[in-house]
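S.K.: Structure incoming, see below.
The values are calculated or read from the model by the stated rules, or taken from the named source; none is laboratory data. Please read all numbers here as calculations on a predicted model, not as lab measurements. Here the Cβ positions follow ideal geometry from the backbone for every residue, glycine too, while neighbour counts run over all protein chains shown.
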Amino acid sequence: METITTRVQQVFADLTRYPIEILDVDADLEMDLGIDSVKRGEIFAVLAQQFNLPPMSEMPAQQVWTINRIAKAIDDHTGQNGARQTPAAAGHPVPPTPPINNGRTQDEMGAVRTTESSSNGAASISKERVPIADAVGTLEPRVLRALQSLIQEALDRSEQAQPIPSANLTSPGLSTKFLPATHRPFAGKVALVTGSGRGLGKAIANQLADLGASVIVNSFHSRERGEQVTAEITARGGDAIHLWGSVANPKQLTQIFEEIDQRYGGLDFFVQNASNGLIAPIDQITDVHWDKAFRTNVVSLHQGALLSVPLMKRRGGGKIVTISSPGAHNHIEHFGCIGPVKAAVESLIVYLAVELGPHNIQVNALSAGPLYGELMDSYPDSKRLVQHWETRAPDHRLGDAREISNAVMFLLSDLADKTSGAVLLVDGASSRRL
């Protein structure tokens, strides 16, 4: 069993490019490790080939969420069928999956995955279809339907997915129409932007880099996209690295700050943009949703702020900005989970601002109204809601990430040195309309 667990863990390391020490065999694959259903399907397909599993039969199953449980299912199967680690059939050789570490040893990579200017893609699924039953085999009954569903979803999404655009030499951050090319007020500053693989976080990271800061791009579920943002910044001549990790995981959050300490010796800006919360009617919210939303939005801000303090004190002070929402105080459809959590965020910044003030650290929140983009597209009935919110807005449009990012730059600038414990509302007065 130990050998199978080690092999399964190595396949996960090879295909996710995570350092193997991150892959706790009892960690939840999605919640703790950020491995989504597409990547899990790819991994399970490789495991099916490596262990030469026979055709799948139709039986009820449950999801498999840890490396240990997957290894146990394989161990039970191979033990029952006398086929432990049987080589692949002749004519269908299975190539090994070599570790991918961008030329670094495991020790050099450390516990936090770091990506600089390169963005190497992980092994991809072949678009030549094979029967899912033949690929997976007869695993333990509890896992059959789960594995079949995940692999089928991975294949379907692989064929439909559009490639991530190559590095765009025009920044989606600050408009430089009225700024000289040498305008770099954040030169020499070090900034961490959590959840910056897409959306608003991406816009903030790009804008900080354009204004001269050394940027730590962070992503969890969107790991590849975090690497792509980093590549885009460095392609424009900016300074950026990528650190993978969940802000809701205390160990991973600590490792992110330890890596920043080792690389830069200090930190000037901490932008806590990462967020999580169920977008649904309030009667669909469970205690699990509350726990995840509170840990990602509130606990991570508190813990991240405390981890920032020693790094900012070395720089003579610093600035912390987090993202809130008008839903903290007003009803927004489907925001029954996120709104109350953002209210807690706004309360927390007051305490952080007062108690970190003696260290010359300012703490503020930016309350962003509805924005065009991926989050809006994920809303139930998003087209109707967009039209509704456009009608309510005095200028008849929603905001975009660049407009919110511009306001974040103000809160990070010297112009806001006396601003702390504040919530800056940026929604075009939409939420002020009765």
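S.K.: Of (1) within 13 Å of the chain's Cα centre (by Cα); (2) outside any loop (DSSP other than H, G, I, E, B); (3) over 22 Å from Leu371 (Cα atoms), Thr254 satisfies all except one. Which?
M.R.: (1)
S.K.: A follow-up question, please. Counting only residues that are surrounded by fewer than 24 Cβ atoms within 10 Å (Cβ to Cβ), under 21 Å from Ser430 (Cα atoms) and charged (D, E, K, R), how many does region 307-352 have?
M.R.: 2
S.K.: Still on this structure: Of the residues in region 306-327, how many are in contact with a Ser or Thr (Cβ under 7 Å, 6 or more places away or on another chain) and under 29 Å from Ile279 (Cα atoms)?
M.R.: 5
S.K.: Hey, could you check region 353-371 for residues that are of a type outside the set (Gly, Ala, Ser) and closer than 21 Å to Leu415 by Cβ and say which is surrounded by the most Cβ atoms within 10 Å (Cβ to Cβ)?
M.R.: Of everything passing the filter in region 353-371, Val363 is surrounded by the most Cβ atoms within 10 Å (Cβ to Cβ).
S.K.: Just wondering, is there one or more residues in region 424-433 that are surrounded by fewer than 20 Cβ atoms within 10 Å (Cβ to Cβ), basic (Lys, Arg) and out of contact with any Gly (no Cβ under 9 Å at 6 or more places or on another chain)?
M.R.: Looking for residues that are surrounded by fewer than 20 Cβ atoms within 10 Å (Cβ to Cβ), basic (Lys, Arg) and out of contact with any Gly (no Cβ under 9 Å at 6 or more places or on another chain), one finds at least one in region 424-433, hence yes.
S.K.: Within region 323-351, track down each residue that is over 22 Å from the mean Cα position of the chain (by Cα) and of a type in the set (Ser, Thr, Tyr).
M.R.: Across region 323-351, the qualifying residues are Ser347, Tyr351.
S.K.: Within region 316-338, can you find the residues that are under 22 Å from Leu415 (Cβ atoms) and in contact with a strand residue (DSSP E or B) (Cβ under 8 Å, 6 or more places away or on another chain)?
M.R.: Of everything in region 316-338, those that are under 22 Å from Leu415 (Cβ atoms) and in contact with a strand residue (DSSP E or B) (Cβ under 8 Å, 6 or more places away or on another chain) turn out to be Gly317, Gly318, Lys319, Ile320, Val321, Thr322, Ile323, Ser324.
S.K.: Related question: Answer with yes or no whether Gly304 is outside any loop (DSSP other than H, G, I, E, B), of a type outside the set (Ser, Thr, Tyr), touching a residue at least 40 places away in the same chain (Cβ under 8 Å) and in the same structural domain as Gly199 (by TED's automatic domain parsing).
M.R.: Yes.
S.K.: Count, please, the residues in region 413-434 that happen to be in contact with a Pro (Cβ under 8 Å, 6 or more places away or on another chain) and not in a helix (DSSP H, G or I).
M.R.: Of the residues in that region, 6 qualify.
S.K.: Please go through region 341-362 and give me each residue that is among the charged types (D, E, K, R) and within 20 Å of Leu311 (Cβ to Cβ), ordered by number.
M.R.: Matches in region 341-362: Glu355 only.
S.K.: Quick one: Leu411 ticks every box in (1) out of contact with any helix residue (DSSP H, G or I) (no Cβ under 8 Å at 6 or more places or on another chain); (2) modelled with pLDDT under 75; (3) surrounded by 14 or more Cβ atoms within 10 Å (Cβ to Cβ) bar one, so which box is it?
M.R.: (2)
S.K.: If you go through region 237-284 one residue at a time, how many are hydroxyl-bearing (Ser, Thr, Tyr) and within 16 Å of Gly318 (Cβ to Cβ)?
M.R.: Counting residues in region 237-284 that are hydroxyl-bearing (Ser, Thr, Tyr) and within 16 Å of Gly318 (Cβ to Cβ) gives 1.
S.K.: How about region 180-210: which of its residues are assigned to a loop (DSSP other than H, G, I, E, B) and crowded, with 19+ Cβ neighbours inside 10 Å?
M.R.: Passing the criteria: Phe186, Lys189, Thr194, Gly195, Ser196, Gly197, Arg198.
S.K.: What about Gly327, is it in contact with a Lys or Arg (Cβ under 8 Å, 6 or more places away or on another chain) and on the phi < 0 side of the Ramachandran plot?
M.R.: yes
S.K.: Just to be sure I understand, how many residues within region 307-340 are at pLDDT 95 or above and part of a helix (DSSP H, G or I)?
M.R.: 7
S.K.: Right, another one. Quick check on Gly277: is it more than 12 Å from the chain's Cα centre (by Cα) and more than 22 Å from Arg295 (Cα to Cα)?
M.R.: It is false that Gly277 is more than 12 Å from the chain's Cα centre (by Cα) and more than 22 Å from Arg295 (Cα to Cα).
S.K.: Among the residues of region 269-277, is any part of a loop (DSSP other than H, G, I, E, B), polar (S, T, N, Q) and within 24 Å of Phe410 (Cβ to Cβ)?
M.R.: yes
S.K.: Grab the helices (runs of 4 or more DSSP H) fully contained in region 1-90, keeping just those with 1 or more residues being at pLDDT 80 or above and surrounded by fewer than 16 Cβ atoms within 10 Å (Cβ to Cβ).
M.R.: Of the helices (runs of 4 or more DSSP H) lying wholly inside region 1-90, those with at least 1 residues that are at pLDDT 80 or above and surrounded by fewer than 16 Cβ atoms within 10 Å (Cβ to Cβ) span 2-16.
S.K.: Being farther than 29 Å from Phe294 by Cβ and under 17 Å from the mean Cα position of the chain (by Cα) is the filter here; which residues of region 1-31 pass it?
M.R.: Once the filter is applied, which keeps residues that are farther than 29 Å from Phe294 by Cβ and under 17 Å from the mean Cα position of the chain (by Cα), region 1-31 yields only Arg17.
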